[in-house]
Amino acid sequence: MKTKKKASGRKKTSVNLKRELWTVRNKWQRAALLLIALWMLFYAQVWVISTWYVKKHQNEPLHIGVTFIPDYAEYLGVDPHETLLALRDDLGIKRFRLVSYWSNIEPAPGQYDFSELDWEFNAVEAAGGQVSLAIGMRQPRWPECHIPDWANNITPAVRQADIEKFNKAVIDRYKDRKALVSYQLENEYFLTVFGQCPKPSRAYLISEFNAAKAADPKHPIILSLANNYFGVPTGQPRPDQFGISVYKRVWDQTVTKRYFEYPFSPRYYAWRSGLTELLTGKSSMLHELQAEPWPPKDVGIKDASIAEQNKSMDPARLKTRIQYGIDTGYRDLDLWGGEWWYWRKTKLNDPSLWNVIKQEMQQYNSKG
């Protein structure tokens, strides 16, 4: 009898164990199916929203331009005026994102020197071109915040009043220029991990935006998002359009210590901007499309060999990068690196990248 009871007990234990294993397996299967379903649902909404965004804007005019910064041309050792004219005349670029560095234009309180920016506007207008003008304390290129020496040691509130006064002087000078199509206010304002800037303040940004809009209510104001990563800007101020930065291949100095290619596809940016437009009613544009190298920090572009530069931007990659930008669905694209193309052509005797841009612009202009 004992033997039978033991056998019966073992049989029950075995059955219970099988039931438990079956239950656990069913739970894992259900969890896996749920994850698959959630992933399919997520991908479906990505596809739907990105497709909607591209189709919504596909019939709008496509504008391909370039950021131009005379200080950066000088840093590379090329003449700024020759560089801009070559971009305009040889490459056929008609859209320029220009800067109005506070440190250059107002070197002393209330004393303005617009001579350089006047020349640039005149050069663009002579070709029937367009200007998107960066304004504010934070504008493209290192150290990002271009603050005059006299404004470094004043309180944040006083400096904010001064920058709004400066913005008004810039806007008043150029708001009636034929070439002006938009302003870009406070470039990547909340990107605190990059640049030498005062602590950002949303209240200050709202005040600055409202003051700029009051100075010129006719032209749209663009605010740019911080970086490649996901985020939907639902806070204030609400600009007329959002600007997106796209950097595909960079030197990662934090983790891998090697070149890193961001895995985002063009559809990712269309989805992200589609979500933004659905939630805010505002479209987006590509205000910085990487078209120059991003070498290791301790090397720098000017000191990097051609082989090192080519690791993050060579002619083949440059060609595909422009198509990548078009495939995002954005209709305004500002390339990043025009001064570098010209420097590499004239100082390093390598016109390969310049010729790629020339060919691409010829195709773009021919579609007119």
Discussion item. Going residue by residue through region 332-344, is there one that turns out to be without any contact (Cβ under 8 Å) to a residue 40 or more places away in the chain and more than 14 Å from the chain's Cα centre (by Cα)?
Written reply: yes
Worksheet item: When region 171-196 is examined, which residues are found to be at pLDDT 95 or above and in a loop (DSSP other than H, G, I, E, B)?
Response: LYS175, ASP176, ARG177, LYS178, ALA179, GLU186, ASN187
Item to complete: Could you tell me whether any residue of region 215-226 is touching a residue at least 60 places away in the same chain (Cβ under 8 Å) and more than 24 Å from ARG317 (Cβ to Cβ)?
Response: yes
Discussion item. Between a residue in region 356-368 that is among the hydroxyl-bearing types (Ser, Thr, Tyr) and surrounded by 13 or more Cβ atoms within 10 Å (Cβ to Cβ) and any residue that is modelled with pLDDT of 95 or more and not in a helix (DSSP H, G or I), which pairs come within a Cβ distance under 9 Å, given they are 6 or more apart or on different chains?
Written reply: TYR364/LEU62; TYR364/ILE64; TYR364/GLY92
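Listed here are the residues, each with its yes/no results for (1) touching a residue at least 60 places away in the same chain (Cβ under 8 Å); (2) outside the structural domain of TRP343 (by TED's automatic domain parsing); (3) assigned to a helix (DSSP H, G or I).
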{"site": "HIS81", "(1), (2), (3)": "no, no, yes"}
{"site": "LEU84", "(1), (2), (3)": "no, no, yes"}
{"site": "GLY92", "(1), (2), (3)": "yes, no, no"}
{"site": "ARG97", "(1), (2), (3)": "yes, no, no"}
{"site": "ASN104", "(1), (2), (3)": "no, no, yes"}
{"site": "ASP118", "(1), (2), (3)": "no, no, yes"}
{"site": "VAL131", "(1), (2), (3)": "no, no, no"}
Item to complete: Output the number of the condition that TYR204 fails; it satisfies all remaining conditions of (1) in a loop (DSSP other than H, G, I, E, B); (2) within 22 Å of ARG238 (Cα to Cα); (3) without any contact (Cβ under 8 Å) to a residue 60 or more places away in the chain.
Response: (1)
Worksheet item: Looking only at region 291-323, which residues are over 20 Å from ARG97 (Cα atoms), outside any loop (DSSP other than H, G, I, E, B) and either in contact (Cβ under 8 Å) with a residue 24 or more places away in the chain or hydrophobic (A, V, I, L, M, F, W, C) (or both)?
Response: ILE306, ALA307, GLN309, PRO315, ALA316, ARG317, LYS319
Item to complete: Filter region 277-300 for residues that are surrounded by 14 or more Cβ atoms within 10 Å (Cβ to Cβ), out of contact with any Asp or Glu (no Cβ under 7 Å at 6 or more places or on another chain) and farther than 22 Å from ILE64 by Cβ and give the result.
Response: THR280, PRO296
Worksheet item: Among the residues of region 84-99, which ones are of a type outside the set (A, V, I, L, M) and surrounded by fewer than 24 Cβ atoms within 10 Å (Cβ to Cβ)?
Response: ARG88, ASP89, ASP90, GLY92, LYS94, ARG95
Worksheet item: Would it be correct to say that GLU339 is farther than 16 Å from LEU87 by Cα and of a type in the set (Asp, Glu)?
Response: no
Worksheet item: Among the residues of region 146-164 satisfying the criterion of being surrounded by fewer than 15 Cβ atoms within 10 Å (Cβ to Cβ) and β-branched (Val, Ile, Thr), which is farthest from GLY110 (Cα to Cα)?
Response: THR155
Worksheet item: Can you find a residue in region 67-75 that is surrounded by 10 or more Cβ atoms within 10 Å (Cβ to Cβ), in the same structural domain as MET361 (by TED's automatic domain parsing), of a type in the set (Val, Ile, Thr) and at pLDDT 80 or above?
Response: yes
Discussion item. Which condition from (1) surrounded by fewer than 13 Cβ atoms within 10 Å (Cβ to Cβ); (2) within 17 Å of ARG331 (Cα to Cα); (3) of a type in the set (Lys, Arg) is the one that ARG272 breaks?
Written reply: (1)
Worksheet item: Which of the following residues is touching an Asp or Glu at 6+ places or on another chain (Cβ under 6 Å), in a helix (DSSP H, G or I) and touching a residue at least 24 places away in the same chain (Cβ under 8 Å): TYR53, TYR72?
Response: TYR72
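The values are calculated or read from the model by the stated rules, or taken from the named source; none is laboratory data. Since we're looking at a predicted model, the values are computed, not measured. So basically every Cβ, Gly included, is an ideal-geometry build from the backbone, and we count neighbours across all protein chains shown.
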